[in-house]
Amino acid sequence: MPQIPEKIHELTVGQLAARSGAAVSALHFYEAKGLISSRRTPGNQRRYSRDTLRRVAFIRAAQRVGIPLATIREALARLPEERTPTREDWARLSEAWRSELDERIKQLNRLRDHLTDCIGCGCLSLSTCVLSNPDDVFGERLVGSRLMAERTRQEED
């Protein structure tokens, strides 16, 4: 991994890509989505502050656990612009996602525990399907293909 001398306070997009492990196209995408920012040189080249490395690492870690980009952008907007975010800043942001991640883990555990039933079902028993009907929330109203038709109509509205 290329080292960047301490006296260099800004990184080119290539340096940022090499150091962060993110593709140049991903960095451009993050910038277009407002997750990171750069300044332009007189020659219209992007220059990123060194703290962008930490922001990119945070974005990539959050994406790996399934946090949507819009949520990541909101979190990054709460970070200070005038200094490199601290460990406490990152801890505060990640703590806010803990309950969301715990719920996802719970759902994945339930899916894992019922996967054999799901594969064997063939989606013929939507009234008891843990994917289409978790906790049997539709069981009192409709069953089978009528449930599927109702859900399709609701999505069209």
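The values are calculated or read from the model by the stated rules, or taken from the named source; none is laboratory data. Because the structure is predicted, anything quoted here is derived from the model rather than measured. Note that each Cβ is placed from the backbone with ideal geometry, even for glycine, and that neighbours are counted across all protein chains shown. SASA here: full protein model, heavy atoms, side chains in, ligands and nucleic acids out. Shrake-Rupley method; radii C 1.70, N 1.55, O 1.52, S 1.80 Å.
Cβ-Cβ distances below 9 Å connect no pair with a first residue in region 64-90 that is touching a residue at least 24 places away in the same chain (Cβ under 8 Å), a second residue that is loosely packed, with under 11 Cβ neighbours inside 10 Å and not acidic (D, E), and a separation of six or more residues or different chains.
Give the residues of region 1-14 that are of a type in the set (S, T, N, Q) and either at pLDDT 95 or above or touching a strand residue (DSSP E or B) at 6+ places or on another chain (Cβ under 8 Å) (or both), sorted by residue number.
Just the residues of region 1-14 that are of a type in the set (S, T, N, Q), to begin with: 3, 12.
Matches in region 1-14: T12 only.
Considering only region 23-132, give the helices (runs of 4 or more DSSP H) lying wholly within it that have at least 3 residues that are at pLDDT 90 or above, open to solvent by 80 Å² or more (accessible area, probe 1.4 Å) and not basic (K, R). Before the answer, list the steps.
Values: elements: 24-32, 52-64, 69-77, 87-96, 98-121.
Result: 24-32.
If you go through region 30-48 and keep only what is farther than 24 Å from P80 by Cβ and not polar (S, T, N, Q), you end up with P42, G43.
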